[in-house]
Every structure is written in C-alpha cells, then in structure tokens.
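Since every read-out is calculated from the coordinates, none of them should be taken as a lab result. This one's a predicted model, so the numbers in the text were calculated from it and none came from an experiment. Neighbour counts run over all protein chains shown; Cβ positions are idealised from the backbone, glycine included.
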Amino acid sequence: MISFLDKDFSQLNHFLNTAKPSKLLILVDENTHEHCLPLFLGNMETDIPFEIIEIEPGEELKNIATATQLWEILSEFETDRKALMINLGGGVITDLGGFVSSTYKRGIRFVNVPTTLLAMVDASIGGKTGIDHQFLKNIVGTFAHAEKVLVSTDFLKTLPFEELRSGFAEMLKHGLIADEKHWNDLISIDDLTADHIAPYIEQSMKIKENVVEKDFKEQNVRKTLNFGHTIGHAFESLFLENNAPVLHGEAVAAGMICETYLSLTEGLVAEKTAQTVIKNIQRFFPHLSVDHFKAEDILALIFNDKKNTHGQLNFSLITNIGSCTFDHPIAAESIVSALEFYKKLK
Ligand SMILES: NC(=O)c1ccc[n+]([C@@H]2O[C@H](COP(=O)([O-])OP(=O)(O)OC[C@H]3O[C@@H](n4cnc5c(N)ncnc54)[C@H](O)[C@@H]3O)[C@@H](O)[C@H]2O)c1
Ligand SMILES: [Zn+2]
C-alpha cells in the first residue's frame with residue numbers, strides 16, 4: 001500500500017490510470033498549497049478532471065464544521081462514488097480528508113500524500129481517520145484505509161525544523177518498541193535534517209504498518225504504539241490549556257522519558273538501557289518546563305484519557321530497546337515519581 005514516489009511520480013500516474021476515478025479532489029491547506037501542490041501537479045499526468053480544495057492550516061480546523069463544509073463542496077462538485085480524494089498535507093489533512101472521504105456517500109476512495117514527517121511515519125498509515133470535538137482530540141472518526149500512501153521525501157525540504165523534529169519523536173518510538181537497529185540508525189544522526197532522516201523513513205513506516213496489520217482494532221499489540229503517549233498527551237493538553245502549546249512530538253519525547261523511567265522502576269528494563277534511551281532523547285529534544293504543572297492535574301488528565309477511575313492505569317512500557325509490553329498496570333504514585341524524575345532532569 002505504501003509507495004515511495006520516483007522523481008516523476010510514475011507510481012501516482014500509474015495508479016490513477018488503473019483506478020480510473022471519475023474525478024479527483026485534491027485537499028490541501030494553505031501551506032501545502034504553496035509548498036507542495038506545485039511539485040505534485042507538476043508531476044501528475046492525467047486527463048481525469050480535478051478540483052483543488054483548500055482549507056486554512058492548523059488543528060483548530062480539524063472539526064465537524066470543516067467536515068460539513070467539505071461534504072457540501074463535494075456535493076456542489078456533483079462528486080459521485082467513483083471519485084477519488086487526494087489528501088496532500090500533514091496529519092490534519094490526512095485525518096480530515098480521510099474522515100470526509102470515508103463518510104461522504106458512505107465512502108469514496110482516498111489516497112494519502114503525506115507532506116510532514118509525522119504524517120509520513122504515523123498519521124497517513126494505519127487506517128484511522130478523525131476529527132476533534134469540544135476539546136477532545138480525534139473523538140469522532142472512522143477506521144478506513146487509504147487506497148495508497150504515496151511518499152516523496154522531497155516535500156520535507158520546506159517543512160520547518162520543529163515540525164521535522166516532532167515527527168522524529170515517532171520514529172524514535174518505532175525503534176524503541178520494535179526495532180533496535182532502527183533506533184541505533186536514528187541515534188547515529190548528528191544533526192536533524194530532512195536529508196539525514198530520509199533514508200530511515202521507509203523502515204519507520206514499515207514498523208507502524210506491521211504493528212497495525214497484526215492488530216487493526218487496537219486489542220493488543222497496536223497499544224505499543226502508545227508508548228510515551230499516556231504521559232505525553234497529558235503534557236500536551238496542559239501546555240495547550242496554559243496557552244503555550246508544544247508540538248506533539250515534543251510532548252511525546254518528554255512522555256517517553258517519563259515512561260522509560262516507569263519501565264525502569266517497574267523492573268522491566270535494565271538501568272543502563274534506560275539511561276541510554278533517556279540520554280539520547282534529551283540529545284534531540286529540549287527539556288519541557290513542567291515545573292508549574294501539578295501532579296494531580298496530570299493524573300486527572302491521564303485518568304480521563306484512559307476512562308479508568310479505579311486508581312490503576314495500564315501503560316505500554318519498553319522491556320528493552322526494540323521490545324515493548326502493554327497493559328502493564330501502574331499505580332498513580334509511580335506516575336508522580338516519574339514526573340518528579342523528569343522535573344529534576346533539566
Ligand atoms: N490517524 C492517525 O493514526 C494519526 C496518527 C498521528 C497523528 N495524527 C494526527 O495528525 C495531526 C498532526 O499532524 P502534523 O503534525 O502533520 O500536523 P499538520 O497537518 O498541522 O502539519 C503541520 C504544519 O506543517 C504545515 N506543512 C505541512 N506540510 C508542509 C511542507 N511540506 N512544507 C511546509 N509546511 C508544511 C502544515 O500546513 C501545518 O502548518 C494531528 O491532528 C493528529 O491527531 C493522526
Ligand atoms: Zn504520536
């Protein structure tokens with residue numbers, strides 16, 4: 001399903017000629033319109049009629065109001081069930097475009113062309129689509145697979161550094177939970193540039209695809225993809241509430257440090273391994289200043305996130321570099337210690 005595009009995007013053109021959609025709807029945001037659409041259209045060779053649909057960038061618009069507008073636009077364009085939506089953008093575009101496609105007329109086909117690192121290695125694969133509603137992220141959505149995920153690392157050339165680094169956190173996670181060699185390859189990178197990261201993107205995508213194939217509905221092993229995310233999400237929400245949002249990958253990097261500490265205190269991972277993991281995450285990511293966050297607020301968010309009020313939470317924790325367990329019960333006090341540990345790290 002994943003194809004790396006040649007310079008002339010021949011796989012895209014071949015796919016369009018075989019799939020023969022009645023119409024193409026190319027969804028972009030303002031930034032991908034400016035930075036990515038020229039390369040995309042410059043290489044697309046087809047007689048199929050197409051429309052460009054542009055939305056403003058940002059997570060704030062990944063909501064039902066935008067989805068409604070998009071359904072209306074599809075209707076106005078007299079889109080039939082043989083049409084194909086092309087989501088050209090980051091995770092907001094692939095999540096929203098996937099959601100709108102999978103619900104319009106009970107589902108039209110869609111292709112993801114991810115243009116951020118995070119969308120390449122994470123959001124564009126795995127068949128989850130979604131929108132946010134009333135402060136709850138991805139609370140409404142569908143399970144729906146893209147027909148294809150078409151990847152060109154050339155798109156990364158215009159991606160701001162912080163966005164690149166944010167996606168890199170998910171790549172490190174893939175190494176930690178499933179592939180020691182991948183982790184070693186990634187930590188051998190000296191400075192994070194698109195060129196240095198590009199050779200390892202395919203392996204990260206494969207790791208995610210492989211985990212999802214084994215457990216599409218997240219009953220078991222897919223939970224390992226949540227490593228670093230339980231505490232990471234809580235950090236992300238608190239920074240947002242304080243009007244100082246941090247990027248997802250920055251919060252996940254801090255979350256992975258805390259959850260590696262939990263892996264250590266639970267006796268799942270050797271001390272030396274935990275130190276190596278933490279030291280390397282620190283090498284790539286700045287310390288988040290969480291001093292003003294109260295443990296009780298973090299715990300409340302985690303309990304809320306997990307919909308679990310029995311004083312015990314289940315975590316995905318690493319057992320070595322390249323292996324991860326899930327559904328490991330953790331007491332609230334241990335989370336407080338992990339938070340204290342992180343605060344002292346700076
Ligand atoms: N469905 C899933 O399994 C899944 C997994 C992970 C994340 N997500 C979702 O992904 C979203 C985050 O994705 P994201 O980090 O890609 O955010 P994003 O789509 O908001 O992109 C980040 C920013 O980069 C800009 N941009 C995109 N490509 C660019 C390029 N090539 N050059 C310059 N600028 C560019 C965008 O306009 C935006 O401003 C979240 O909504 C999250 O919930 C979904
Ligand atoms: Zn993530």
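To test your reading of the geometry: what angle, between 0 and 90 degrees and rounded to tens, separates the Cα axis of helix 271-284 from the longest principal axis of the chain? Its long axis makes an angle of about 50 degrees. Between residue 292 and residue 52, the FRET efficiency estimated from the beta carbon spacing at R0 = 51 angstrom works out to 0.70.
For the pair region 125-146 and region 241-317, the centres of their Cα atoms are 23 angstrom apart.
Under a Gaussian network description of the chain, with springs only between Cα atoms under 10 Å, the residue in 292, 328, 174 that fluctuates furthest is 292.
Within region 258-302, whose backbone N sits under 20 Å from a point 7 Å along Cα→Cβ of residue 323? Counting only backbone N, you get 259-278.
Look at where the Cα atoms of region 35-82 and of region 150-203 average out, and the two centres are 28 Å apart. Local charge for residue 18 was computed over the other residues whose Cβ lies under 13 Å away, with Lys and Arg +1 and Asp and Glu -1, and equals +2.
For the chain, the longest principal axis of the C-alpha atoms and the axis of helix 201-214 are separated by about 80°.
Comparing 288, 21, 330 along the charge dipole axis of the chain, the residue lying farthest to the positive side is 330, per the Cβ-charge model. Taken along the Cα-to-beta-carbon direction at a fixed 7 Å, the label points for residue 105 and residue 144 span 1.2 nm.
In straight-distance terms, cross-link reach from residue 343 covers every one of the lysines whose alpha-carbon lies under 23 Å from its own, apart from those fewer than eight places away in the same chain; here that gives 173, 272, 279, 294.
Only one residue of 90, 143, 118 has its Cα farthest out toward the positive end of the dipole of region 2-158, where Lys and Arg carry +1 and Asp and Glu -1 on Cβ, and that residue is 143. Near residue 123, once Lys and Arg are set to +1 and Asp and Glu to -1 for all other residues with Cβ below 14 Å from its Cβ, the sum equals -3. Sites listed here are chymotrypsin sites (Phe, Trp or Tyr not before Pro) in region 97-169 whose DSSP assignment is loop and whose Cβ has at most 14 other Cβ atoms within 10 Å: 135. Between residue 115 and 89, 90, the built amide H atoms are under 5 Å apart, and every one of these is 5 or more places off in sequence or on another chain. Among the trypsin sites (Lys or Arg not before Pro) within region 215-247, those in coil by DSSP and having at most 15 neighbouring Cβ atoms inside 10 Å are 217. In the chain, the longest principal axis of the Cα atoms and the axis of helix 161-178 are about 70 degrees apart.
Computed from point charges on the beta carbon alone (+1 for Lys and Arg, -1 for Asp and Glu), the dipole magnitude for region 170-345 about its Cα centre is near 260 Debye.
Approximating the spin labels as points 7 Å out from Cα along Cα→Cβ, the residue 17-to-residue 63 distance works out to 4.5 nm.
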